[in-house]
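Peer 1: Would you mind keeping the following structure in view while I ask a few things?
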Amino acid sequence: METKRNQAVPTLKLSHIVLFGLAYMTPMIVFGIYGLLAETTHGLVSTAYIVALAAMLFTAYSYGKMTKAFPIAGSAYTYTRKSINPYVGFMIGWAVLLDYLFLPMVIWLIGAVYLHTAFPNIPLWTFVLAFIFITTVINIIGLKAAASVNTLMMIFQLLVVGIFISLSIIYLIKGSSPFALFSFNPFLNEHFTFSFVAAGASIACYSFLGFDAVTTLSEETINPEKTMPKAIFLITLIGGIIFIGASYFLQLVHPDYTSFKNIDSAAFEIAVQIGGNLFSSIFLAGLIIAQFASGLSAQTSGARLLFAMGRDGVLPAKIFGYLHRKSNTPLLNILFIGGISLLAVKLDVSTSTSFINFGAFLTFIFVNLSVIFHYYFTLKNEKKNRFLLYFLIPAIGA
């Protein structure tokens, strides 16, 4: 009876997973970290996103292969543990925790920063607590509730992104001519150096983190062996196209990245510039809703990772391997992540994202290596393109 109680019933389809991943990724995060990226790349944000997308597509390929091999919760921790070595898996589990435990904190902090910019008289910590409380309650209710809320939030934020790009086009045409819509400056300018682009790409990779997080929902997904690889690729590609397109128009509208009043809320200033107070209010609402959607997915994925580690005995099973009988959610893990996210009160966006990127990059490297170990060395798959599919592509990803 204990085994049945700790097994989730598959209910999620491809559309749910793609929306869940995009919600985790948060298409509007391109606005949330635009100022930081523009400063780091010296105005080459779009180029940084192209480099990041290329790297993520290689890694998405490896995640797809590993979800076919091991369609269970645990993500990179499970893949490394089963493909390479249990001790290496243990190490990667802790590295993944850097990503999954702190990502909700960063998401809610970015939302709180933008709200605090719009309402400076209200303390930042008030917004942080509101994000944590509301998101935690929804996640405790269950995955179905979270998936439904995510769908509505995704539709709204995609509409806001569409309106933002439309207003940017109108602003540029009115300001000069239709030819203003076409420029190489967001991709290549007088400040171009590969070091600027590489530094920006390392930060831009943070925007893509949703594509890998959905693998923690393998046990809740119908036919995960086929569904997960498709979902992972679609999430990465759709997200990358949105990030590149949105950053392109942001740069065209406001090419001087040194003139923002607050680098952490630069996109809000551009929203006021292209749409006045009315659109800036809609934009702010869209960004906050996006942070809620992303926070929902991030907290769910982190809780499921802790559950997988608890079930395997890597963490105390009575606490982290516990599923609530009625909601079928890892209740204690959800509360634990909410508690850790209180650190957002004492951190800034730049510092908090550095926590995540370290764990994420180490995780991505070992997922790629897991493909090589599992398919190339262990199974010794005899496919015609074996070297290309199971060694070269994942090696490039690593």
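Every read-out reported here was derived from the displayed coordinates using simple, explicitly stated rules and does not represent laboratory data. In this text, all values refer to a predicted model and were calculated from it rather than measured experimentally. Using ideal geometry, Cβ is built from the backbone for each residue, glycine included, and neighbour counts are taken over all protein chains shown.
Peer 1: Work out, in µm²/s and without decimals, the Stokes-Einstein translational diffusion coefficient of region 190-296 at 4 °C, 1.567 mPa s, Rh from Kirkwood over C-alpha pairs.
Peer 2: Translational diffusion coefficient: 79 µm²/s.
Peer 1: Defining a contact as two alpha carbons under 8 Å apart and six or more residues distant in sequence, what relative contact order in percent does region 243-398 show?
Peer 2: Result for region 243-398 is 12 percent.
Peer 1: What is the projected area of the convex hull of the Cα atoms of region 256-366, averaged over all directions, in nm²?
Peer 2: Values: hull surface 41.1 nm².
Its Cα hull, projected and averaged over all orientations, spans 10.3 nm².
Peer 1: By a straight-distance test (C-alpha under 17 Å), which lysines pair with LYS68 as possible cross-link partners, with residues fewer than eight away in the same chain excluded?
Peer 2: Qualifying lysines at Cα under 17 Å: LYS13, LYS82, LYS226, LYS230, LYS380, LYS383.
Peer 1: What's the whole-number percent of alpha carbon pairs in region 38-91 lying beyond 14 angstrom? Let's see the in-between values first.
Peer 2: Details: 905 of 1431 pairs.
More than 14 Å apart: 63 percent of the Cα pairs in region 38-91.
Peer 1: Which whole-number percent gives the relative contact order of the chain, counting Cα pairs below 8 Å spaced six or more residues apart? Mind dumping the intermediate values first?
Peer 2: Details: 657 pairs, mean separation 151.3, N = 398.
About 38 percent, as a whole number.
Peer 1: When the Cα atoms of region 1-122 are enclosed in a convex hull and the volume is divided per residue, what value in Å³ results?
Peer 2: Working: hull volume 22.3 nm³, N = 122.
Residue-normalised Cα hull volume stands at 183 Å³.
Peer 1: When the Kirkwood hydrodynamic radius is evaluated over all pairs of different C-alpha atoms of the chain, what value in angstrom, to one decimal, is obtained?
Peer 2: Taking the inverse mean of 1/r over all distinct Cα pairs, the chain comes out at 21.3 Å.
Peer 1: Counting pairs of alpha carbon atoms under 8 Å apart in space and at least six apart in sequence, what relative contact order in percent does region 310-366 give?
Peer 2: Across region 310-366, relative contact order equals 16 percent.
Peer 1: Let me ask another. State which stretch of the chain is the longest one without any exposed GluC sites (Glu not before Pro), exposure meaning a DSSP loop state and at most 12 other Cβ atoms within 10 Å.
Peer 2: Between exposed loop sites, the widest span is 191-381.
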